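First comes the structure, then the notes that go with it.
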Amino acid sequence: MVSQKVKVTNEQGMHMRPATVFSAAVTPFDSDVKIVFNGNSYDGKSVMMLMAACIKCGAEIEIQCTGSDEEAALAKAVELVESGLGD
Amino acid sequence: MYKGIEASRGIGIGSICLIVEHDLSFESKHIDDTEAEKARFNNAIEAFKTETSAMAENIRKNIGPKEAEIMEGHLAMIADPTMAGEMTKMIEAGQCAEAAVTAVCDMFIGMFSKMEDDMMRQRASDISDIKISLLKLLLGIEDVDISKVAPGTVLVAHDLTPSMCSQIVKENVVGIITEVGGKTSHSAILARALEIPAVLSVPNITEIVKDKDTAIVDGTEGDVYINPDGEVISQYVIKREEFVKAQAELKKFIGQKTVTADGTELELFCNIGTPKDARKAVECDGEGIGLFRSEFLFMDRPHLPTEEEQFEAYKEAVEIMGGRTVIIRTLDIGGDKDIPYLGLEKEENPFLGYRAVRYCLANSDMYKIQLRGILRASAFGNVKIMVPLVTCVDEVRAVKALVEECKNELRSEGVKFDENIEVGCMVETAAASLIADILAKEADFFSIGTNDLTQYTMSVDRGNAEVAYLYSAFQPAVLRSIKNIIEAGNAAGITVGMCGEAAADPLMIPLLISFGLKEYSVNPVLVLTARSIISKWSKAEADALAEKVLALTTEKEIVELLKASAK
């Protein structure tokens, strides 16, 4: 497993659209993508779970990727969050 | 009369079509042939996707792309592995499709409806919509076809789902009444986009009314009348005429220049708080941004925004405005706002204390980050820098010196910016008003902040109900101050604008025209109203009124005269 901590910077936090952008971008990877926030772990490929996590702007999350293409998945996920999730 | 939440303005009078809630109960049974049940479920999902895509398309064409996002959101949710995927797993374990849909949706509804965030709670109603649509498909229930209702229909429903809204024929539906929903619910947003009067959250309305009852929907006040007598109806017919006339009147001003009755062209800008608001300003026909509050970048976060973050935010607004003026006010905070990482101490008198430009000049490293961000954004359009809470000329000079420092740095780094960027000041203190002639020699423009100017001039805390009666921009002291500021700016040849609430006040506008104000910056939704009022006054008429007003001695007399003279 590889992981990295990253800060959510888009104004709205993990709302519908950012969550859709994130899950759509990580779904093609074979690896499992998990978001750890406030001690809970959420499936990064699920829009619903991402929204349910209630991640606000300024929150620090940890992205964990496990699988054959974990490095690439993590790089993509981190880049997305840092660039503001298309918001 | 029944009271609800006013969600979409206007008056509707018509005959009720009651949208009955279907009985969606089903018998949970154990499934042996799980493959057949999965096929039945998948058919329902496919039908749901087809229906929803068609509705999204319909809404995009008839209402707008932003409203269509609601239906696209439903598609994204159903495609989620935790939705259809979880439901499929339950069916494989022997549950019937209806039970699987209900269990998974209810779990998410429970989760989202407990959240504090309004937008998140809205997701609960989205999922509830999805659940109802899926159950109807599985149970073979067909909806009333809203697209076929007769002209002059008032729709009454427990809730108006986006799917119902997508079928509404604007010409036939004159009003909407529901039992749930608030001003920001989907139904409210869609009703406003369709310009259909709507009153939401009227308790038990579906039990009170019958099909074909007559209803009056007053979406401006939030009032609903069922089977009212003739007198009430004729009152509302008149109200409806007035509303329609006023709306048509305002629409004539879309895309027009802002000119007085005698042809003087003025600037009508908007006040915004985030880059996204700039889009609203454009939609509402604003001609520029007269006040872009930069505080949003600093609030609700654990540390100072970087130069890059600030640059991106300013640039976004500047690009949306496409070459039109964007006046960015530098950080306006003090001990009354909670920004923990700034380490500001609570003060006895925060409004008289360590705040705004005073704080920024004392923390010039932080201030320069903001100035650099603004300067870099100035390469992408027409940007101006505005300094809040100025009380003496040294402050303006000090900010200008910092701007020059930043320019030199950027030049040596080879970064582009507008060499001629203007630096102006907010005139919102009694001190600044009294030395407006001195400030006008240093500042490139003035913008009068009437809210603070009133507070500081009248020495009144507007939050304190005991003294709030003194808080009025129509107090002779405040009016004299405004007049003095405008005249000093005009004498020095710099633009004077106003970005307080008074700039959109129909009673204040003739006085501002008379005093010689050039730029009016208002809340985006008030652009057309302000443009319409401005168009009614000539300089000569405004001068005649102003002369009478300035001869009066009390606020009460002034407001009475302005009301009597209003156009």
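Points worth noting:
- Whichever residue in the range A:55-69 is of a type in the set (A, V, I, L, M, F, W, C) and within 14 Å of chain B (Cβ to nearest Cβ) and, among such residues, is nearest to B:Leu297 (Cα to Cα): A:Cys57
- A:Leu85 part of a loop (DSSP other than H, G, I, E, B) and within 14 Å of chain B (Cβ to nearest Cβ): yes
- From the options A:Ala52, A:Ala72, A:Ala77, A:Ala25, residue that is within 12 Å of chain B (Cβ to nearest Cβ) and not charged (D, E, K, R): A:Ala52
- Residue satisfying all of: in the range A:15-60; part of a helix (DSSP H, G or I) and small (Gly, Ala, Ser); surrounded by the most Cβ atoms within 10 Å (Cβ to Cβ) among these: A:Ala19
- Residue count, the range B:280-306 (criterion: at pLDDT below 90 and out of contact with any Ser or Thr (no Cβ under 6 Å at 6 or more places or on another chain)): 11
- Within the range B:472-490, the only residue that satisfies the criterion of being more than 18 Å from B:Val549 (Cα to Cα) and in contact with an Asp or Glu (Cβ under 8 Å, 6 or more places away or on another chain) is B:Ala488.
- From B:Lys346, B:Lys315, residue being of a type outside the set (Asp, Glu) and within 24 Å of B:Thr391 (Cα to Cα): B:Lys346
- Residue match in the range A:2-14 (condition: part of a helix (DSSP H, G or I), of a type in the set (D, E, K, R) and within 14 Å of another protein chain (Cβ to nearest Cβ)): no
- Contact annotation: residue pairs with Cβ atoms under 7 Å, 6 or more positions apart or on different chains, pairing a residue in the range B:241-252 that is within 11 Å of B:Leu528 (Cα to Cα) with a partner that is surrounded by 12 or more Cβ atoms within 10 Å (Cβ to Cβ), are B:Glu249/B:Ser532; B:Leu250/B:Leu528; B:Leu250/B:Thr529; B:Leu250/B:Ser532.
- A:Ile35 falls short on exactly one of the conditions (1) within 11 Å of the chain's Cα centre (by Cα); (2) more than 8 Å from every other protein chain (Cβ to nearest Cβ); (3) over 23 Å from B:Pro302 (Cα atoms), and that condition is (3).
- Segments classed as helices (runs of 4 or more DSSP H), wholly inside the range B:16-134, with at least 2 members that are within 11 Å of another protein chain (Cβ to nearest Cβ) and within 30 Å of B:Lys148 (Cα to Cα): B:65-78
- If you check B:Asp262, B:Asp332 for being crowded, with 21+ Cβ neighbours inside 10 Å, among the acidic types (Asp, Glu), in contact (Cβ under 8 Å) with a residue 12 or more places away in the chain and outside any helix (DSSP H, G or I), only one passes: B:Asp332.
- Restricting attention to the range B:213-227, the residues that are in contact (Cβ under 8 Å) with a residue 60 or more places away in the chain and part of a loop (DSSP other than H, G, I, E, B) total 5.
The values are calculated or read from the model by the stated rules, or taken from the named source; none is laboratory data. Not measured: the values here are computed from a predicted model. Positions of Cβ are generated from backbone atoms using ideal geometry, with glycine treated the same way; all protein chains shown enter the neighbour counts.
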